[in-house]
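See structure below.
No lab work stands behind these numbers, since they all come straight from the coordinates. All figures in this text were calculated on a predicted structure; none of them were measured in a lab. Cβ placement follows ideal geometry from the backbone for every residue including glycine, while neighbour counts extend to all protein chains displayed.
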Amino acid sequence: MEIRQLGTSELKVSACCLGTMTWGEQNTETEGHEQMDYAVEHGVNFFDTAELYAIPPKRETQGATERIVGSWFKARANRDKIILATKIVGRTGDTWYRDGDVKMCRLTETQIDEAVEKSLSRLQTDYIDLYQLHWPDRLAPTFGQRLKPHHYDVEFETFEDVLGRLQRHVDKGNIRHIGVSNETAYGLTRFLDESRYRGLPKMQSIQNAYSLVNRCFEDGLEEVCMHEKVGLLAYSPLAQGYLTGKYRNGALPEGSRKQLFQRLQRYEKPHAEEAINSYVDLAASQNIDPAQLALKFCDTRPFMASTIIGATSMDQLKTCIDAFSLEWTEELETAVNDLHARQPNPCP
């Protein structure tokens, strides 16, 4: 497993990052522990979680995933062997993440302090290697949505204030480095400018959706990240399972996220099915597992720090981890780029 530097930090992370969001909902604590054991045995040293998880977001399961990671740390006594990333929610009306009478979750000083301390407690650790803003405090075009003109007039916690609040936790040793998620080129650039001019912590990573059917990152964010040395942590590299081919021709596997939660609309837009099928067909023509084709594509991008995988079964996990040893050829590069040119970004 290749090990890469995260941004300009001293953190060295595996090219494959173990995502955890199904633990506590679709997966039990025992299954989560089994996945972490297997991943570490195969060279993965990087885990990603969030205070929001498990998915889908619910009051009853909020924080469950961090607790499962924490119980594994306690049982294995190996916290120093893992690069641990977690996330704080951005602006949301789902207020169950906070104590007391909170009208909205925001990136205020009080709420950041509470979120950090709760994550540390659930994770049974005294430091977080990478603390990420799960989505912005301002209204922004996130999760494939578009804004209306009046949304830009809504007030938000300033970039410098948010960085200053995170700086306090870096100074205390609770956080080693920081990153963003579901962020735009504007937002990332503003954070980078404020950190540079004010001597505040730098955003070392950006965790955005990126896959064969969503390469929007390449339009703006790639340039920022390459020049500023910010690493992409790609989530949904399998388009929430669509690029495995398991939903092809209307199939609805028992226990799949679509069957359980019906939350995959980002990958059900016009022309999405045709594009997804073209990549699955390409994999078949090359005798490659379609999931492995999709993951190795992400892994070979020059701006990629680590590609986040997720699995609900050990067979899925093994397939995903094995993808990182696949050989990527010029023939595959040309083929995926030709398909992308025909149907660019059907699932932004």
Lys, Arg +1 and Asp, Glu -1 on Cβ, resulting dipole of region 74-120 about Cα centre, debye, nearest 20: 340
Using alpha-carbon positions, what is the distance between the centroids of region 242-275 and region 299-348, in Å? 18
In region 153-186, GluC sites (Glu not before Pro) in a DSSP loop with at most 14 other beta-carbon atoms within 10 Å: E155
How far is it, in nm, from the label point at M314 to the one at E327 when both lie 7 Å from their Cα along the line to the Cβ? 3.1
Could you please report the charge total around R168, scoring K, R as +1 and D, E as -1 over all other residues with beta-carbon less than 10 angstrom from its beta-carbon? -1
Below 8 Å between Cα atoms, with a sequence gap of 6+, how large is the relative contact order for the chain in percent? 17
Note down the net charge around G144, summing +1 for each Lys or Arg and -1 for each Asp or Glu among other residues with Cβ under 10 Å from its Cβ. +3
Provide the percentage of antiparallel DSSP beta bridges, counting only those with both residues in the chain; round to the nearest 5. 15
So for the pair E274, T95, with labels modelled 7 Å out along Cα→Cβ, what separation do we get in nm? 4.7
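Using the Cα centre of the chain as the reference point, and only Cβ charges (+1 on K/R, -1 on D/E), how large is the resulting charge dipole? Debye, rounded to the nearest 20.
The calculated dipole for the chain is roughly 580 debye.
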Between helix 185-198 and the chain, what is the angle of the helix's C-alpha long axis to the longest principal axis, kept within 0 to 90° and rounded to the nearest 10? 40
At what distance in angstrom do the alpha carbon centres of region 94-141 and region 53-87 lie from each other? 15
Relative to the longest principal Cα axis of the chain, at what angle does helix 290-299 sit, 0 to 90 degrees, rounded to 10? 50
Taking only C-alpha pairs under 8 Å that are 6+ residues apart, what is the relative contact order of region 110-219 in percent? 28
Given H placed on each backbone N at 1.01 Å, which residues far from H177 in sequence or on other chains put an amide H within less than 5 Å of it? L130, Y131
For a quick check of your reading of the filter: which GluC sites (Glu not before Pro) in region 194-285 sit in a DSSP loop and have no more than 11 other Cβ atoms within 10 Å? E254
Semi-axes of the equivalent ellipsoid for region 99-196, please: Cα gyration tensor eigenvalues, times 5, square-rooted, ordered largest first, whole Å. 24, 16, 12
Degrees between helix 330-342 axis and first principal axis of the chain (Cα, 0 to 90, nearest 10): 80
Using the Cα centre of region 3-342 as origin and beta-carbon charges of +1 (Lys, Arg) and -1 (Asp, Glu), tell me which of A283, I128, C225 is placed farthest towards the positive end of the dipole. I128
Based on the Cβ-Cβ distance of N78 and D113, what FRET efficiency does E = 1/(1 + (r/R0)^6) give at R0 = 41 Å, to the nearest 0.05? 0.90
If each of R263 and S71 carries a label point 7 Å out from its Cα toward its Cβ, how far apart are those two points in nm? 2.1
Links that overshoot a 25 Å alpha carbon limit, given the list K258/K318; K202/K258; K87/K148; K229/K258: K202/K258; K87/K148; K229/K258
Given charges at beta-carbon only (K, R positive; D, E negative), |dipole| of region 16-135 in Debye: 200
I'd like the trypsin sites (Lys or Arg not before Pro) in region 19-100 restricted to DSSP loop residues with at most 10 other Cβ atoms within 10 Å, sorted by number. R59
